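Input: a single structure, listed below in structure tokens.
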Amino acid sequence: MAGIVQEQWSAAENGNATMTAKGSSRELRHGGRTAHSMSSSSLRKKSDLRVIQKVPYKGLKDFLSNLQEVILGTKLAILFPAIPAAIIGTYCGFSQPWIFGLSLLGLTPLAERVSFLTEQLAFYTGPTLGGLLNATCGNATELIIAILALTNHKVAVVKYSLLGSILSNLLLVLGTSLFCGGIANLRREQRFDRKQADVNFFLLLMGLLCHLLPMLFGYVGNGETSADLIADMSLSLSRASSIVMLISYIAYLVFQLWTHRQLFDAQDQEDEFDDNVEEETAVIGFWSGFVWLVGMTLVIALLSEYVVATIEEASESWGLSVSFISIILLPIVGNAAEHAGAIIFAFKNKLDISLGVALGSATQIGLFVVPLTIIVAWILGINMDLNFNLLETGSLALSIIITAFTLQDGTSHYMKGLVLLLCYIIIAICFFVDKLPQKQPNAVHLGHQLMNNVAAAVGEGVFSS
């Protein structure tokens, strides 16, 4: 069935003239592929199907061809054995830290393969729907981990992991890309289009406002204001803000994929008439890609469940706080594929793609995944707000501001990347030395209320004496 569908689509595409085919490919490259998927494509390798083509049975040949493209068509295929190792270890009594580490390693190639499969489906769905699919599935791993952590009532882990994804994209991925790109292009100035970055920063600052206001509720109350009232106010504001954030993300997708798509295609336009650019075609059929995508998503959900269930034991065994593991280790390992792709494009002096990966992913986490988890928690009856506590929100605010100042002139050199990397190292050290107990939702509210009560008690004692 998959082979028949693939042949039909191929016939429909190859029946046009050469110029029409090139135009369709360019159209797909502009609209169907996001910077996220383009960064992951740098880790792919061409499959040698000469041996498989000799298989006499068509069904078996199609299956082996898909297996070759999906499993072995990536440079991260060496990490796939970690998936069965994690599953076997769960039933064979492996220690929890081992299962946690193996699950993290297994998530790395799966995240890259999901990007590959959504791109394959984009060849059949068209550029607009394909771009929407890529934008939605770009951070599927973070979303699945967050929802599974919510179902286990680990709200702090959800907040830490989502915050870490934003920080790693803004400082680690972008900083490494600018630094490596600057070193590789010392004798020429690296330039990029600021328009795309400006849009992302506007949205990130709006998201930051939605995080700041619930946190500030804890500091505006007086000694007579109860902690429950402050928590209810923060929760109501967070849920309303989440709806607004989701609306803004939908508007962002319309802006990116329909009305102002040219702003996000700047790097592709440089290669539009380059004869050396290889035209890409689908390598697997539509239904085959869909089945593989569903299967990969289910495996990601399974490994994410292992990660969520074993994170506390790994924290105790390794002597690392849950906040450090969630904010630093999870994003680094989970997004290693797109991080490496962004750095490779920076080496090639294609900073627009690198910026699209880092800023686009940070915007998607901040304006889509975070509010969506608030809504999901609301549906599940779990009280989760947008108050990420003072230390975490302050780190997010300063990261956005520093990155915005770094990119304000539309040029880049290695010193800018180095500063972003050093900022990320400082934040990592901060959470490494943070040994405070895992903060519960609204912990700032409760702590501030306690300070108010203490101050009121001291005042009453002074006046009574």
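The values are calculated or read from the model by the stated rules, or taken from the named source; none is laboratory data. Since we're looking at a predicted model, the values are computed, not measured. Don't worry about glycine lacking a Cβ; one is built from the backbone with ideal geometry, like all the others, and counts go over all protein chains shown. In case anyone asks, the SASA skips ligands and DNA or RNA and just uses the protein heavy atoms, side chains included. Shrake-Rupley method; radii C 1.70, N 1.55, O 1.52, S 1.80 Å.
Of all residues in region 337-361, none that is without any contact (Cβ under 8 Å) to a residue 24 or more places away in the chain has its Cβ atom under 7 Å from the Cβ atom of a residue that is in a helix (DSSP H, G or I) and among the charged types (D, E, K, R), 6 or more apart or on another chain.
Residue-by-condition table, conditions (1) open to solvent by less than 40 Å² (accessible area, probe 1.4 Å); (2) at pLDDT 90 or above; (3) in contact with a Ser or Thr (Cβ under 6 Å, 6 or more places away or on another chain):
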residue: Leu121; (1), (2), (3): yes, no, no
residue: Leu129; (1), (2), (3): no, no, no
residue: Leu133; (1), (2), (3): no, no, yes
residue: Ile166; (1), (2), (3): yes, yes, no
residue: Lys195; (1), (2), (3): no, no, no
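Considering the conditions (1) over 20 Å from Leu420 (Cβ atoms); (2) in contact (Cβ under 8 Å) with a residue 40 or more places away in the chain; (3) open to solvent by 60 Å² or more (accessible area, probe 1.4 Å); (4) in a helix (DSSP H, G or I), Phe179 is excluded by exactly one of them, (1). Restricting attention to region 311-323 and to residues that are in a helix (DSSP H, G or I) and surrounded by fewer than 23 Cβ atoms within 10 Å (Cβ to Cβ), the residue that is nearest to the chain's Cα centre (by Cα) turns out to be Val322. Whenever a residue of region 69-90 is hydroxyl-bearing (Ser, Thr, Tyr), its partners that are open to solvent by 10 Å² or more (accessible area, probe 1.4 Å) and assigned to a loop (DSSP other than H, G, I, E, B), lying with C-beta atoms within less than 8 angstrom and at least six residues away or across chains, give the pairs Thr74/Leu43; Thr74/Lys45. When Leu422 is tested against (1) modelled with pLDDT under 95; (2) open to solvent by 60 Å² or more (accessible area, probe 1.4 Å), just one condition goes unmet, and that condition is (1). Arg50 falls short of the stated requirement of being modelled with pLDDT under 90 and assigned to a helix (DSSP H, G or I). Yes or no: Gly366 among the small types (Gly, Ala, Ser), farther than 30 Å from Pro97 by Cβ, touching a Gly at 6+ places or on another chain (Cβ under 6 Å) and open to solvent by less than 20 Å² (accessible area, probe 1.4 Å)? Yes.
Flag: Ala82 does not match the condition of being among the hydrophobic types (A, V, I, L, M, F, W, C), open to solvent by 30 Å² or more (accessible area, probe 1.4 Å) and either at pLDDT 55 or above or farther than 30 Å from Ile325 by Cβ (or both). Where residues in region 347-357 are out of contact with any strand residue (DSSP E or B) (no Cβ under 8 Å at 6 or more places or on another chain) and assigned to a helix (DSSP H, G or I), which of them is farthest from Gln256 (Cα to Cα)? Among those that are out of contact with any strand residue (DSSP E or B) (no Cβ under 8 Å at 6 or more places or on another chain) and assigned to a helix (DSSP H, G or I), it is Phe347. Of the candidates Leu171, Leu209, the single residue that is open to solvent by less than 30 Å² (accessible area, probe 1.4 Å) and modelled with pLDDT of 90 or more is Leu171.
In region 335-360, the residue that is farthest from Glu189 (Cα to Cα) out of those that are in contact with an Asp or Glu (Cβ under 7 Å, 6 or more places away or on another chain) and open to solvent by less than 10 Å² (accessible area, probe 1.4 Å) is Ala337. Summed over region 404-417, residues that are at negative phi and either at pLDDT 95 or above or more than 22 Å from the chain's Cα centre (by Cα) (or both) total 9.
Taken as a whole, the structure leaves Gln256 outside the set of residues that are open to solvent by less than 60 Å² (accessible area, probe 1.4 Å), assigned to a helix (DSSP H, G or I) and modelled with pLDDT under 70.
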